[in-house]
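The values are calculated or read from the model by the stated rules, or taken from the named source; none is laboratory data. Bear in mind that the values here come from a model prediction, so they are computed numbers and not experimental data. With ideal geometry, Cβ positions are generated from the backbone for all residues, glycine too; neighbour counts draw on all protein chains shown.
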Amino acid sequence: MPPAGVFGKAANPRFEWHPAARLFGADGGEVSHGAAFAPEVADRPGGTALVAALAGQGAGFRIGGEGAVEAGSGCFETLTGGSLGGARRVVRSQGSWLASFAVNARLFGIGPGVRVAVPGRLSQSLALYAALEGLALGACVHLLDGLRVDRMARAVAERGTHVIYATPVHLAQMVACGVVWPDLRLVLVGGAKLEAGLRVALMAVAPGAEVREFYGAAEASFITLAGPGDGAETVGRPYPGVELRIRDGEGRDLPAGAVGQVWLRSPYVFQRYAGDDPGSARWHEGWLCVGEIGALTPAGLVLRGRAGRMVTVAGQNVFPEEIERFLAGLPGVERAAVLARADGLRGHVLMAVLTGDRACEGEIMAAARARLGATLAPRRVIWRQDWPVLGSGKTDLGVLQREVDAWR
């Protein structure tokens, strides 16, 4: 049976406070339940937003974003990460998240007495999911958004955090502060692949923590979950209740190991986009594709990249994400993004935007040419001292693309 408070009334599943749940704001103070319901609330302060949304007892709501709330009773709206364009409003049933709350209670032991930290803004689905899950399962939820990064890292330690939901960007910023997290026992990573160097640094400050990466999307929630035994090149195996297929452009299933479009079917998917936005996800006979290209292998799902980011260089289809992962693993590179510029001869050429040690540029470029060849290796490197991120914690590719386009 699911924990008390998870499903609400069986005929109308809805988000509810578990009797044991407690909510704490960025300042460490406990947030009371006294706010009145509002269907649309700002995402800061996060505690006030959550209390107002849950006061509706199943009524539709959205935290952050713009436009009238279209979600009806038993539903809600959340936002996509927006890394390939403006954030989209996603309408989904409250039951679609409640179903995975019960799964995670079983998998990870999230429940009464467990302290969960949420560093992201509640206008983004990862942070909102983590907060609502913790409250539904009876955990002590600590919202850290709004704190300076060093204070956020100290709060994880000082509040005795057991579980943290975070993107690699959030983790990299906090880990760099050097604060040790002795009580942390589980790190749930979403939004992007956790690179090997960051994993090592994370384990140095949280030696007792298990790291579990998941691949998902605002439209699909959990898709895969990676464990210690899964290959580093994969994003893991299907999350409980998820079915995966790899299909070609005509919708035909492809054999194991073949590269194609990733399609899924699960109880956790969304209903539709809000407003007149057609969105990027596609449906076919109950199956959903969110635009990823990959392959199902015996080791798990291997992602090549988003179809929307694929570019053609000298007649070859290139996924910038693959090159980003390679660059991020090189000495001297802290963060990497690869973007394309139009080129009359090759169609496109690639540019790398990096943070890290500029003195390593020669070695980085040599390694890229050795691995990728002169045609596909980035033509130039643009170094940045800071890194632009969206509210979701993902890289703001729009900002970086404008810099690449303006580079001379």
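Computed values, structure above
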item: Residue pairs meeting the criteria (Cβ under 9 Å; at least 6 apart or on separate chains; first touching a residue at least 40 places away in the same chain (Cβ under 8 Å) and crowded, with 16+ Cβ neighbours inside 10 Å, in segment 254-281; second among the aromatic types (Phe, Trp, Tyr) and assigned to a loop (DSSP other than H, G, I, E, B)); result: SER266/TYR239; TYR268/TYR239; ALA281/PHE270
item: Close pairs from segment 354-377: first touching a residue at least 60 places away in the same chain (Cβ under 8 Å), partner surrounded by fewer than 16 Cβ atoms within 10 Å (Cβ to Cβ) and outside any helix (DSSP H, G or I), Cβ under 6 Å, at least 6 apart; result: THR375/ALA314
item: Residues (among the hydrophobic types (A, V, I, L, M, F, W, C), in a loop (DSSP other than H, G, I, E, B) and either more than 20 Å from the chain's Cα centre (by Cα) or surrounded by fewer than 21 Cβ atoms within 10 Å (Cβ to Cβ) (or both)) located in segment 195-227; result: ALA206, ALA209
item: Per-region count, segment 36-58, residues in a loop (DSSP other than H, G, I, E, B) and either of a type in the set (Lys, Arg) or under 20 Å from CYS75 (Cα atoms) (or both); result: 11
item: Matching residues, segment 342-366, being surrounded by fewer than 16 Cβ atoms within 10 Å (Cβ to Cβ) and acidic (Asp, Glu); result: ASP343, ASP357, GLU363
item: Residues satisfying the stated conditions in segment 388-408, i.e. surrounded by fewer than 19 Cβ atoms within 10 Å (Cβ to Cβ) and either among the hydroxyl-bearing types (Ser, Thr, Tyr) or within 28 Å of the chain's Cα centre (by Cα) (or both); result: PRO388, VAL389, ASP396, GLY398, VAL399, GLN401, ARG402, GLU403, ASP405
item: Contacts under 7 angstrom Cβ, first residue in segment 101-117 being in the same structural domain as ALA166 (by TED's automatic domain parsing) and under 20 Å from GLY28 (Cα atoms), partner surrounded by fewer than 18 Cβ atoms within 10 Å (Cβ to Cβ) and not hydrophobic (A, V, I, L, M, F, W, C), 6 or more apart; result: ARG115/ARG159; ARG115/GLY160
